[in-house]
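Just passing along the structure, written as structure tokens.
The values are calculated or read from the model by the stated rules, or taken from the named source; none is laboratory data. If you're wondering where the values come from, they're calculated on a predicted model, not measured in any experiment. Ideal geometry is used to build each Cβ from the backbone, glycine not excepted, and the neighbour counts take in all protein chains shown.
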Amino acid sequence: MSELLLTGGTLVTMDAQRRVLAGDLWVRNGVIVAVGELTKAQRREAASARRIDCTGRIVIPGLVQSHVHLCQTLFRGHADGLELLDWLRERIWPFEGAHTFESLKASARLGLAELVRGGTTACLDMGTVHHTDAIFEAAAEAGFRLTCGKAMMDVTRGVPAGLRESTEASLAESDALAERWHEQAGGRLRYAYAPRFVLSCTEPLLREVVARARANGLRIHTHASENQNEIEAVRERCGEDNVAYLHGLGMSGEDTVLAHCIWLTAREKRILADTGTHIAHCPSSNLKLASGFAKIPELLRMGAHISLGADGAPCNNNLDAWVEMRLAALIHLPRVGPAGLSAQEVFEMATLGGARALGLEASIGSLEPGKRADVAILDLHCPHALPAGEDVYSRLVYAAHGSDVRTVLIDGEVVLDEGVLTTLDEARVLDEAQEAAARIVERFA
């Protein structure tokens, strides 16, 4: 039996009452047993647990990102200065087409190391067209909580040879990956169908994705309404706006995650709010690609479900959830006013919001008895985060850095221990990533 006792911390629970407690967190076999002040009986029972001293530290639920591309981590710094469609055609698709199984695994490992170091314990990832097993293998070895799907792209015009696939092959490979990986590694690994976006998918593929995902209880993950040129192309091809078109195919609802959702009509905003479709807000990516500003405060007030994602390294250029939180909390305020979006609301996007997007809100996203022990411990005794102030959410969202994360648990296992990765050989990860990136650039050239 594996037991941990995190003692003396400030516990930001994100429970229904949003309690912030002083006390302990007791974990047994990967599950949170007790939060806050333990009873004498609980203390006796936990006497043999490994203790982690959290005095003066903040203990939070592990962060959950709802839109990431681990396949793109090796492309960091190789796709600057482009808007979305040129960025895809001139850089990202050729780079993805140059991937081998080995380079994709190196890319995933590098991304996972960065995510864990910053306190992200789970994410929804979209792979590239091929070699998706490499991403799942990397996550399994790292002890990470991953929901992932291969990118589905059966429109081949303008697509490199290495990414071309037929409708039938795309569906068959997705089905096989779901069969191999869904609910593996004790439930940490899950599959989601991931059609890339409307312009890279035929209507038969999109309709079949909806049917198969619903039949198998799997999630759907795609991009929508990110860029104005994309919107115009979707209207020209489909005769409808992007989100409205997807909704007409059944691609909306609480099992669906749409990344970006910047350029929405009033009707589309209402569709997203009424159907419970999840919106993955990626502010760094939206700024770097000059895509625009999603109307997040307004969507929240309409009842939409919002979560956060770093997107990919070549459009960010990092995977740090703390950067996304700070940006999400700030960029909308000139439009909606200084109180238009609170730090607590943004922190919820990064925890419970992400858990809901992944369909895992019953298991992760808050520190509560019975939930899995996905936890991050921060040391904010540092110049950029002192004095502490009264609002812990303000301190976390506006002042904390990813480098403040000292220890991370996933499923009750310590994957970062006082700044040292325990499931990944960091030196080897960095060396292999550098070598793999050089080979991809050479193939691209």
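Output the qualifying pairs, or none if there are none: Cβ atoms under 6 angstrom, residues six or more apart or on different chains, first residue in the range 344-366 and acidic (D, E), second residue assigned to a helix (DSSP H, G or I).
Final answer for the pair search is E361/A355.
Further question on the same structure: Which one of K269, K288, K295 is in contact with a Cys (Cβ under 8 Å, 6 or more places away or on another chain) and surrounded by fewer than 21 Cβ atoms within 10 Å (Cβ to Cβ)? Quick ask: steps written out before the conclusion?
Working: K269 fails: in contact with a Cys (Cβ under 8 Å, 6 or more places away or on another chain); K295 fails: in contact with a Cys (Cβ under 8 Å, 6 or more places away or on another chain).
Result of the check over K269, K288, K295: K288.
How many residues are in a loop (DSSP other than H, G, I, E, B), touching a helix residue (DSSP H, G or I) at 6+ places or on another chain (Cβ under 8 Å) and within 19 Å of A304 (Cβ to Cβ) if we restrict to the range 337-395? Lay out the reasoning, then the answer.
Step one: of the range 337-395, the residues in a loop (DSSP other than H, G, I, E, B) are 337-342, 358-371, 373-374, 379-382, 386-391.
Subsequent filtering for residues that are touching a helix residue (DSSP H, G or I) at 6+ places or on another chain (Cβ under 8 Å) retains 340-342, 361, 363-366, 379-380, 382, 388-389, 391.
Next, from what is left, pick out any that are within 19 Å of A304 (Cβ to Cβ): 340-342, 361, 365.
The number of residues fulfilling the criteria is 5.
Continuing with the same structure: Could you tell me whether D320 is in the same structural domain as Q17 (by TED's automatic domain parsing), under 30 Å from D53 (Cβ atoms) and either surrounded by 18 or more Cβ atoms within 10 Å (Cβ to Cβ) or not small (G, A, S) (or both)? Break it down into steps so the answer makes sense when it comes.
Numbers: in the same structural domain as Q17 (by TED's automatic domain parsing): no; under 30 Å from D53 (Cβ atoms): yes; either surrounded by 18 or more Cβ atoms within 10 Å (Cβ to Cβ) or not small (G, A, S) (or both): yes.
In short, no.
Could I ask something else about it? When both residues are 6+ apart or on different chains and their Cβ atoms are under 7 Å apart, which pairs have a first residue that lies in the range 423-445 and is assigned to a helix (DSSP H, G or I), and a second that is of a type in the set (D, E)?
From the range 423-445, the pairs are A436/E102.
Pull up the range 408-444, narrow it to residues that are in contact with a strand residue (DSSP E or B) (Cβ under 7 Å, 6 or more places away or on another chain) and not aliphatic (A, V, I, L, M), then point me to the one that is farthest from F101 (Cα to Cα).
E418
Could I ask something else about it? Which of the residues that make up the range 266-314 are part of a strand (DSSP E or B) and over 22 Å from R91 (Cβ atoms)?
Scanning the range 266-314 gives H278, I279, H281, H305, I306, S307, L308.
Going residue by residue through the range 218-226, is there one that turns out to be part of a helix (DSSP H, G or I), without any contact (Cβ under 8 Å) to a residue 40 or more places away in the chain and either more than 16 Å from the chain's Cα centre (by Cα) or buried (at least 23 other Cβ atoms within 10 Å of the Cβ) (or both)?
First pass over the range 218-226, keeping only residues part of a helix (DSSP H, G or I): none.
No, because not a single residue in the range 218-226 is part of a helix (DSSP H, G or I), without any contact (Cβ under 8 Å) to a residue 40 or more places away in the chain and either more than 16 Å from the chain's Cα centre (by Cα) or buried (at least 23 other Cβ atoms within 10 Å of the Cβ) (or both).
Let's see how each residue does on (1) more than 20 Å from L70 (Cα to Cα); (2) assigned by TED's automatic domain parsing to the domain that holds A106; (3) in contact with a Gly (Cβ under 9 Å, 6 or more places away or on another chain):
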position: Y398; (1), (2), (3): yes, no, no
position: G402; (1), (2), (3): no, no, yes
position: V405; (1), (2), (3): yes, no, yes
position: V408; (1), (2), (3): no, no, yes
position: G412; (1), (2), (3): yes, no, yes
position: V415; (1), (2), (3): no, no, yes
position: E426; (1), (2), (3): no, no, no
position: D431; (1), (2), (3): no, no, no
position: Q434; (1), (2), (3): no, no, no
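Of everything in the range 312-364, what is more than 25 Å from L70 (Cβ to Cβ) and of a type in the set (K, R)? Give them in sequence order.
The answer is R335, and nothing else.
Collect the residues in the range 286-334 that are touching a residue at least 24 places away in the same chain (Cβ under 8 Å) and charged (D, E, K, R), keeping them in residue-number order.
K288, K295, E298, D311, D320, E324, R326
May I ask you to list pairs of residues, at least six apart or on different chains, whose Cβ atoms are under 7 Å apart, with the first in the range 262-280 being over 15 Å from N242 (Cβ atoms) and assigned by TED's automatic domain parsing to the domain that holds A194 and the second being part of a helix (DSSP H, G or I) and modelled with pLDDT of 95 or more?
A273/L299; H278/R356; H278/A357
Continuing with this model, one more query. Among A194, A122, A138, A178, which is the only one that is crowded, with 18+ Cβ neighbours inside 10 Å, of a type in the set (A, V, I, L, M, F, W, C), in contact with a strand residue (DSSP E or B) (Cβ under 8 Å, 6 or more places away or on another chain) and in a helix (DSSP H, G or I)?
Details: A194 fails: in a helix (DSSP H, G or I); A122 fails: in a helix (DSSP H, G or I); A138 fails: in contact with a strand residue (DSSP E or B) (Cβ under 8 Å, 6 or more places away or on another chain).
When all the criteria are applied, what remains is A178.
Say whether the condition of being at pLDDT 95 or above, over 19 Å from V257 (Cβ atoms) and crowded, with 22+ Cβ neighbours inside 10 Å is met by at least one residue in the range 145-153.
No.
Cβ-Cβ under 6 Å, sequence separation 6+ or interchain: first residue in the range 38-58 and within 14 Å of L409 (Cβ to Cβ) and of a type outside the set (A, V, I, L, M, F, W, C), partner in a loop (DSSP other than H, G, I, E, B) and at pLDDT 95 or above. Which pairs?
R57/D379
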